[in-house]
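Everything on this sheet refers to the single structure shown next.
The values are calculated or read from the model by the stated rules, or taken from the named source; none is laboratory data. Just so you know, these numbers come straight off a predicted model, no measurement behind them. Don't worry about glycine lacking a Cβ; one is built from the backbone with ideal geometry, like all the others, and counts go over all protein chains shown.
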Amino acid sequence: MSRDDGSAAGTVILAFVLGAVTGAAVALLMAPVSGEEARRILGDRAREGRERAEEAARQGREFLNRQRETLGSAVERGREAYNQARAATPRQAPGTPDTL
């Protein structure tokens, strides 16, 4: 049985963002621009990457919180259904035969 708790999606997003930032940094280092211009561009891209990562982390937390709430309400509904079914079923004394 597999379990998908959203961590795989978070890992993929993080890897994508880190790959994009690394690729942009390499491209800038290889481009024919001055050192000052390259540092400015790298700083801008790093800030953009950080903002994207923060947004992805925020969305991941929101997703997990929604899933936690959904699971909690499902468990509560299950308990209520169990208790209702248990209350509706007549209890038999031990040792008495089942009659159907």
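Among the residues of the stretch 24-77, those identified as within 21 Å of Ile13 (Cα to Cα) and touching a Lys or Arg at 6+ places or on another chain (Cβ under 9 Å) are Ala24, Ala25. Among residues of the stretch 45-66 that are under 24 Å from Gly23 (Cα atoms), those with a Cβ under 7 angstrom from a residue that is of a type in the set (Val, Ile, Thr), sequence gap 6+ or separate chain, pair up as Arg45/Val21; Ala46/Val21; Gly49/Val17; Gly49/Val21; Arg52/Val17; Ala53/Val17; Ala56/Ile13; Ala56/Val17.
Determine, yes or no, whether Ala20 is at pLDDT below 90, surrounded by 14 or more Cβ atoms within 10 Å (Cβ to Cβ) and within 11 Å of the chain's Cα centre (by Cα). Step through it out loud before you land on a result.
Values: at pLDDT below 90: yes; surrounded by 14 or more Cβ atoms within 10 Å (Cβ to Cβ): yes; within 11 Å of the chain's Cα centre (by Cα): no.
Spelling it out, it is not the case that Ala20 is at pLDDT below 90, surrounded by 14 or more Cβ atoms within 10 Å (Cβ to Cβ) and within 11 Å of the chain's Cα centre (by Cα).
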